[in-house]
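Structure first, commentary second.
The values are calculated or read from the model by the stated rules, or taken from the named source; none is laboratory data. Everything numeric here is computed off the predicted structure, so don't read it as measured data. Every residue, glycine as well, gets a Cβ built from its backbone with ideal geometry; the counts of neighbours run over all protein chains shown.
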Amino acid sequence: YLEIPKAVSIILHTLNEAGHEAYAVGGCVRDAMLGRTPEDWDITTAAQPQQVKELFRRTVDTGIQHGTVTVLIQDGGYEVTTYRIDGSYEDGRHPTQVAFTSLLSEDLRRRDFTINAMAYHPEEGLIDLYGGQQDLENRIIRAVGVPEERFQEDALRIMRAIRFAAQLNFDIEPDTFQAIRKFAERLELISRERIQVEMTKLLKSAHPEKFRLFYETGITAILFPEFDEMMTMPQNNPYHCYSVGEHTLHTMMAVEADPILRWTALLHDVGKVRTRSTDENGIDHFYGHGKESSEMARVFLRSLKFDNTTVDAVKVLTRYHDYHFDMTAAGLRKAIHKVGEDYFPLLLKIIYADTMAKSDYAKERLLPSYEKVCALYEESLAAQDCVSLKTLAVKGKDLIDAGVKPGPQMGEILNQMLERVLDDPDLNTKEALLALLPELHTSLY
Ligand code: ATP
Ligand code: MG
């Protein structure tokens, strides 16, 4: 017995009253059985889209050509889709045509994984034609039907299999796994945006370390070959007890489930594949890898068509994750300024996670300085220190009023004033800063 929302049972009963079969189906049934709260409830029905529209007062034609109508009830929207058979797939992604059917069994057969191919009706109970319940119990992702055919039809299922494994902490059934390996190359047919979405879902899941499955199935070899290098690159130095790749997976596990933080964790050390040098004692060094990681992260995220906000954040956080802080109040203010006020607290989370994924030797040495940086940061926040032009006591307009000619030198003057304020917060008053003008002005010409 599954608890279903009132609106869903209203929709099912309305359809049934009119003589049409209808069931809750797919992800919502899976999640409800697992005791997870479903994100949305989807309904599958024998009724044609037109018939669905006639039965409900408020509907939206969300994907009417694929048989999907959204029914608006109370304050929610519910996708009601007509039983469907997907026609042949020509491009490895989109069925060239869909056909409606009157058989629930055919609709369930087109679905990707057994755990996603169950239907539920409050009076009839669970309809499970492909062993979904058993696979849920055994925590297994298994393709419905012949795995190779299913991944050949739609390569996005490759990403979905691994993403579900991470969200649910499931294993991938061996034949399904082998089929993924065999058809990994077909991911080239999938849009970068879809790959981005699936990877982000995996990274922000409860088990980001399942990213390893992308490596084991040969997907990173195609999409992100640097990751394969990371997995096989040792780090012979006392700070590390893992390869670069293993360390990366541990860093992702140690940071909270936020997309920017998890993407940063994934990419923070990618620059090590280009900066490794081994000294005469056999010790590995990775000088300047933060900078290299930042550039490589930018290229990779751009290739996945990421938005500027994410790219910028990950660039900054990877860039400074190996920053050596000057442990003074002024040193920290300068660091906050350099990194950016908004990014700084995120950087601290990355530094902590990165440290926790290192050897005991490293933790012992690095955690005290991390604590110190946090303490200095707290003090700086409490003091409401000015660390950017936003809170500098002098603005461009004040300079003009004081007789400075508008132009690029204005920005220079403001930046120099900020430099002084970073050293000495007491200078952050209009009077004190404007008093510096003659000195700054001459130094510029
Ligand atoms: P979530 O919404 O939590 O990501 P979900 O299982 O609900 O997971 P949706 O993308 O919302 O996933 O799709 C709903 C259902 O549609 C799935 O449970 C599955 O039965 C079917 N489905 C979705 N995408 C595919 C696909 N690419 N191939 C086959 N069936 C699919
Ligand atoms: Mg869903």
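Within segment 289-344, the set of residues being closer than 17 Å to Thr248 by Cβ and small (Gly, Ala, Ser) comprises Gly290, Ser293, Ser294, Ala297.
Condition check: on the phi > 0 side of the Ramachandran plot and either near ligand 1 (Cβ under 10 Å from one of its atoms) or free of Cβ contacts under 8 Å to residues at least 40 places away in the same chain (or both). Does Arg58 satisfy that? When the stated conditions are applied, Arg58 does not pass them. Restricting segment 8-38 to residues that are of a type in the set (D, E, K, R) and within 11 Å of ligand 1 (Cβ to nearest atom) leaves a set whose member that is surrounded by the most Cβ atoms within 10 Å (Cβ to Cβ) is Arg30. Applying the criterion of at least 3 residues that are under 27 Å from Ser294 (Cα atoms) to the helices (runs of 4 or more DSSP H) found wholly in segment 329-445 leaves 329-339, 344-356, 360-382, 408-423. Filtering Ser359, Ser443, Ser380 for residues that are more than 22 Å from Thr318 (Cβ to Cβ) and at pLDDT 95 or above leaves a single hit, Ser380. Listed here are the helices (runs of 4 or more DSSP H) enclosed by segment 2-66 that have at least 1 residues being more than 16 Å from Asn116 (Cα to Cα), under 31 Å from the mean Cα position of the chain (by Cα) and within 13 Å of ligand 2 (Cβ to nearest atom), and there are none. What's the number of the only condition in (1) crowded, with 18+ Cβ neighbours inside 10 Å; (2) closer than 16 Å to Glu124 by Cβ that Phe56 fails to meet? Among (1) crowded, with 18+ Cβ neighbours inside 10 Å; (2) closer than 16 Å to Glu124 by Cβ, the lone unmet condition for Phe56 is (2).
Of the helices (runs of 4 or more DSSP H) lying entirely inside segment 191-266, the ones with 3 or more residues being β-branched (Val, Ile, Thr) are found at 192-203, 244-254.
Being among the β-branched types (Val, Ile, Thr) and more than 15 Å from ligand 2 (Cβ to nearest atom) is the requirement here; does Val69 meet it? Yes, satisfied. Of the residues making up segment 61-80, those that are free of Cβ contacts under 8 Å to residues at least 40 places away in the same chain and in contact with a helix residue (DSSP H, G or I) (Cβ under 7 Å, 6 or more places away or on another chain) number 3. The residues of segment 119-153 that are in contact (Cβ under 8 Å) with a residue 40 or more places away in the chain, touching a strand residue (DSSP E or B) at 6+ places or on another chain (Cβ under 6 Å) and within 16 Å of ligand 2 (Cβ to nearest atom), listed by number, are Ala119, Tyr120.
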